[in-house]
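Shown next, in C-alpha cells, is the structure this report addresses.
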Ligand code: AMP
Ligand code: ZN
C-alpha cells in the first residue's frame with residue numbers, strides 16, 4: 001500500500017517515495033534533558049513511534065533507521081545544575097533515565113540510534129568549519145554566526161520573509177551580528193559552563209547545529225523524513241536546513257518535513273505559572289501508560305490537541321472495551337486493510353481507531369490484535385491487562401502513614417531524592433499520594 005504524508009515544505013499531502021527503499025531514514029528532534037518530560041513532549045514521541053512502526057511494516061524492520069536525539073548541552077541544563085549545586089552530568093543522566101522509564105510505559109519502541117549532542121561536538125565543528133569556508137558563516141567576538149542573508153532560500157520551510165521571521169522570533173540583538181536574524185553556531189562559555197576547545201576558542205555549540213551534525217553522522221547528508229513539534233518549524237528546523245544544505249552542498253536536508261500540532265491542557269496553554277504543567281511521570285501514577293498513548297492517538301497528529309481528564313476517562317473505557325474483545329488472541333498474520341489505509345493516509349489514527357472498534361464489534365479478535373499492535377496498542381492479553389490494572393494494595397494503612405511521614409521529613413530536610421524515592425515506592429505498590437496545603441493524603445491506584 002502507498003504511504004501519503006503531509007509535507008510541511010509543500011504544505012501538501014504527498015506520496016512518500018524513499019531515497020532508498022532498503023534504507024528508509026527518519027530523524028526526530030528529541031528532548032532537552034533538564035527536567036521531567038511533559039505531556040506535550042510525549043506527542044512527537046508517540047506520533048513518530050506510530051510512523052516508525054508503519055514504515056517498518058511497509059519496508060521491513062531492517063530497512064528503517066530512526067534517529068531521535070538527546071540534547072544534553074543547553075543553557076537550561078546549566079541553570080538547573082547551578083540551582084541544585086550538582087554537576088551537569090548528574091542532571092542529564094538522571095533526566096535521561098527518567099525519560100526512558102516514562103516513555104517505555106507508553107509502549108514506545110527505542111529508536112535505532114539515540115545520539116547525544118555532547119558526543120558529536122567534533123562533527124558540529126566540522127560543519128561549522130565548512131559553513132565558514134562556504135561563506136554562510138562568520139566569526140565575531142568569539143562567536144560563530146550563521147549569516148541568514150548568505151543563501152536566497154532561507155525561509156523555504158516556514159515560508160516567511162526575513163523581516164517576518166525576525167519579527168516573529170524575538171531574536172537576540174547583538175552588536176556583532178551582521179543581520180538581526182543571524183544565529184549562533186558556536187559561542188564562548190563562561191566560567192563554570194561546559195566548554196570544548198575549538199578553532200574559535202573554548203566554547204559550546206548552538207542548539208540548531210546539534211541536529212544538523214547528528215542527522216548527518218547517522219543518516220547521511222540527505223535523508224527522507226524529519227519530524228518534530230510545530231513549534232520547532234521556525235527557527236529550529238529552518239536553521240537546520242540552512243546549515244546542512246550549505247555545509248554539505250545539498251539541495252535538501254530531508255525530503256519530507258512533518259510537524260505535530262500543539263497540545264493544550266483543559267483548553268489552556270501548558271505553563272508552570274498556570275499550574276497545568278503535567279508531566280508524563282505524574283500521569284503514569286494515575287493512569288496506565290496505554291491509556292495515555294490511546295488518548296494521544298484519538299486525535300490527528302497535525303490537529304491541535306486538548307488534553308483533558310474527560311478524554312482520559314473515555315480512553316480508559318475504550319481500552320477496556322478493546323481488551324474485552326481481544327481476549328487472549330494471538331495477532332493475525334496480516335493487518336486489516338481499513339486500518340492500514342487510514343494510517344497510510346497521513347497517519348489518520350482517529351480513523352484507524354474507529355476501524356479497531358469495528359473489528360471489536362465483529363468479534364475478530366486476531367485481526368483486532370494485529371491491527372492494534374501496528375499502532376502500538378493492545379500489547380497485552382486481556383488477562384495481563386486486568387492483572388496490570390487491578391488495584392494492588394500490599395501495604396497496611398499504618399505502613400502507608402509511616403512512609404508518608406518519612407517522606408515529609410525528607411522534604412523538610414530538602415532531601416528531595418529520598419522524598420521522590422518514597423513516593424515512587426508507594427506508587428509502585430499501588431498507592432498514589434496527593435499533596436495539598438492541608439497535608440498529604442493517599443488513594444489506591446485504580
Ligand atoms: P523540547 O524539549 O522543548 O525541545 O521539546 C521536545 C519536543 O516536544 C519537540 O518536538 C517539541 O516540538 C515538542 N513539544 C513541546 N511542547 C509541546 C506541546 N505543548 N505540544 C506538542 N508538542 C510539544
Ligand atoms: Zn532538532
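The test for being part of a helix (DSSP H, G or I) and in contact with a helix residue (DSSP H, G or I) (Cβ under 6 Å, 6 or more places away or on another chain) holds for residue 427. Filtering region 50-87 to residues that are touching a residue at least 24 places away in the same chain (Cβ under 8 Å), surrounded by fewer than 21 Cβ atoms within 10 Å (Cβ to Cβ), farther than 30 Å from residue 303 by Cβ and within 14 Å of ligand 1 (Cβ to nearest atom) leaves only 80. The one condition from (1) within 13 Å of ligand 2 (Cβ to nearest atom); (2) farther than 20 Å from residue 141 by Cβ; (3) assigned to a helix (DSSP H, G or I) that residue 208 does not meet is (2).
Filtered by the rule that a residue be part of a loop (DSSP other than H, G, I, E, B) and under 19 Å from the mean Cα position of the chain (by Cα), region 277-287 gives 277, 278. For residue 36, the conditions (1) away from ligand 2 (no atom under 16 Å from the Cβ); (2) under 16 Å from residue 226 (Cα atoms); (3) part of a loop (DSSP other than H, G, I, E, B) all hold with the exception of (2). If you go through region 212-235 and keep only what is more than 19 Å from residue 116 (Cα to Cα), within 16 Å of ligand 1 (Cβ to nearest atom) and not in a strand (DSSP E or B), you end up with 230, 231, 233, 234, 235. Candidates are the residues of region 236-270 that are surrounded by fewer than 17 Cβ atoms within 10 Å (Cβ to Cβ) and assigned to a strand (DSSP E or B); the one that is farthest from ligand 1 (Cβ to nearest atom) is 268. Among the residues of region 5-25, those identified as part of a strand (DSSP E or B) and surrounded by 12 or more Cβ atoms within 10 Å (Cβ to Cβ) are 5, 6, 7, 13, 14, 24, 25.
Evaluation of residue 206 against the conditions (1) without any contact (Cβ under 8 Å) to a residue 40 or more places away in the chain; (2) within 30 Å of residue 299 (Cβ to Cβ); (3) within 22 Å of the chain's Cα centre (by Cα) shows that the sole unmet condition is (2). Scanning region 202-225 for residues that are surrounded by 16 or more Cβ atoms within 10 Å (Cβ to Cβ) and farther than 20 Å from residue 66 by Cα yields a total of 5.
Do we find that residue 47 is within 16 Å of ligand 1 (Cβ to nearest atom), modelled with pLDDT of 95 or more, touching a helix residue (DSSP H, G or I) at 6+ places or on another chain (Cβ under 9 Å) and outside any strand (DSSP E or B) in this structure? In short, yes. Looking across 407, 413, one residue alone is surrounded by fewer than 16 Cβ atoms within 10 Å (Cβ to Cβ) and within 28 Å of residue 84 (Cβ to Cβ). It is 413.
Filtering region 240-264 to residues that are within 13 Å of ligand 2 (Cβ to nearest atom), under 19 Å from the mean Cα position of the chain (by Cα) and over 15 Å from residue 301 (Cα atoms) leaves 240, 254.
Just to be sure before I move on: is residue 209 in contact with a helix residue (DSSP H, G or I) (Cβ under 8 Å, 6 or more places away or on another chain) and away from ligand 1 (no atom under 16 Å from the Cβ) in the structure I sent? For residue 209, the condition - in contact with a helix residue (DSSP H, G or I) (Cβ under 8 Å, 6 or more places away or on another chain) and away from ligand 1 (no atom under 16 Å from the Cβ) - is not met.
Quick grid of which residues meet (1) modelled with pLDDT of 95 or more; (2) under 17 Å from residue 204 (Cα atoms):
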residue	(1), (2)
78	no, yes
103	yes, no
110	yes, no
133	yes, no
145	yes, yes
163	no, no
169	no, no
174	no, no
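Whether any residue in region 181-196 is closer than 27 Å to residue 50 by Cα and either without any contact (Cβ under 8 Å) to a residue 40 or more places away in the chain or more than 16 Å from ligand 2 (Cβ to nearest atom) (or both) is what I want to check. No, there is no match, as no residue in region 181-196 is closer than 27 Å to residue 50 by Cα and either without any contact (Cβ under 8 Å) to a residue 40 or more places away in the chain or more than 16 Å from ligand 2 (Cβ to nearest atom) (or both).
The values are calculated or read from the model by the stated rules, or taken from the named source; none is laboratory data. Since we're looking at a predicted model, the values are computed, not measured. As a convention, Cβ positions derive from the backbone with ideal geometry for all residues, glycine included, and neighbour counts pool all protein chains shown.
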